[in-house]
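Colleague: Following this message is one structure expressed as structure tokens.
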Amino acid sequence: MKKRKLLIPILAGLVVGQIFAEGNRPFSIINTLRFGYNDNPDRKEDASGSAYVEDVVDFAFNASLSDRTDLVVKSQVRFKTDTENKIHPNLYAVLSHSVSPRLMFRLSDKFRSADKPSGRSGGRYDYFKNTLGASATYVLTQKDRLELSLSHQIAQHDEEIEDDDYTTLSAGISWARDIRPQRTRS
């Protein structure tokens, strides 16, 4: 039992050491402050405008876990003064692994929360949308790629407009070809 307890911190230390080994900072923070005016934010017939202040804080974390595995995590937090000072976090994460020079797997999760106007009930309501996806890309030739993808998406709204809620499961296969015009040089 003691060996298992010791193994977890050692593995965590190895991953953290690998992330910071290259000397680059994998973290970045960007703060954006916006001032604006919207003449009809709720899309009502009696248009009443409002000024707003929006503070957007972006966090990003990029790391190469190995020479074939990358991790990207991005988050955005929005604070708006015209929507009762609500906080809306968003998160995007992608784990990519190159199995071989021709085959790459990607696992992603995208979580978005915000508020939006509803035309039917005439107010602003909170919602969230979460999309979990997996894809495999195979390089056929230098110009051709084949991709197989699978995703699961959930969207939920406040109780007042829960008719807009949905769950979607989708799968697809696509073929991509790079088309480059021939260039002559003299």
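Since every read-out is calculated from the coordinates, none of them should be taken as a lab result. Keep in mind that this is a model prediction, so the values were computed, not measured. Cβ sites come from the backbone with ideal geometry, for glycine too, and all protein chains shown count toward neighbours.
Colleague: What does the charge add up to near residue 33, with Lys and Arg as +1, Asp and Glu as -1, over the other residues with Cβ less than 13 Å from its Cβ? Walk me through the intermediate numbers first.
Modeller: Details: positive: 34, 78, 80; negative: 54, 55, 58.
Around residue 33, the surrounding residues sum to 0.
Colleague: So, one more: Modelled label-to-label distance, residue 87 and residue 132, 7 Å Cα→beta-carbon offset: nm?
Modeller: The answer from the label model is 2.5 nm.
Colleague: Extending each Cα 7 Å along its Cβ direction at residue 111 and residue 34, get the distance between those two points in nm, one decimal.
Modeller: 2.2
Colleague: To the nearest 0.05, what FRET efficiency results for residue 74 and residue 153 with a Förster distance of 22 Å applied to their C-beta separation?
Modeller: Values: r = 18 Å, r/R0 = 0.84.
That pair, residue 74 with residue 153, gives E of 0.75.
Colleague: Given H placed on each backbone N at 1.01 Å, which residues far from residue 65 in sequence or on other chains put an amide H within less than 5 Å of it?
Modeller: Sorted by chain and number, the residues that satisfy this are 70, 71.
Colleague: Extension gain residue 140-residue 50, at 0.36 nm per residue separation less the Cα-Cα distance, in nm? Let's see the in-between values first.
Modeller: Working: separation 90, 0.36 × 90 = 32.40 nm, distance 5.42 nm.
So the chain would gain 27.0 nm between residue 140 and residue 50.
Colleague: Sticking with this structure for a sec: Simple spin-label model, 7 Å along Cα-to-Cβ: residue 66 to residue 100 in nm?
Modeller: Label at residue 66, label at residue 100, 1.6 nm between them.
Colleague: How much net charge surrounds residue 151 when only the other residues with a Cβ under 13 Å from the Cβ of residue 151 are counted, with Lys and Arg +1 and Asp and Glu -1?
Modeller: Numbers: positive: 106, 110, 129; negative: 109, 147.
It works out to a net charge of +1.
Colleague: For every other residue with a beta carbon closer than 15 angstrom to the beta carbon of residue 131, add +1 if it is Lys or Arg and -1 if Asp or Glu, then tell me the sum. Before the final figure, lay out each step's value.
Modeller: Numbers: positive: 74, 106, 110, 112, 129; negative: 109, 165.
My count for the surroundings of residue 131 gives +3.
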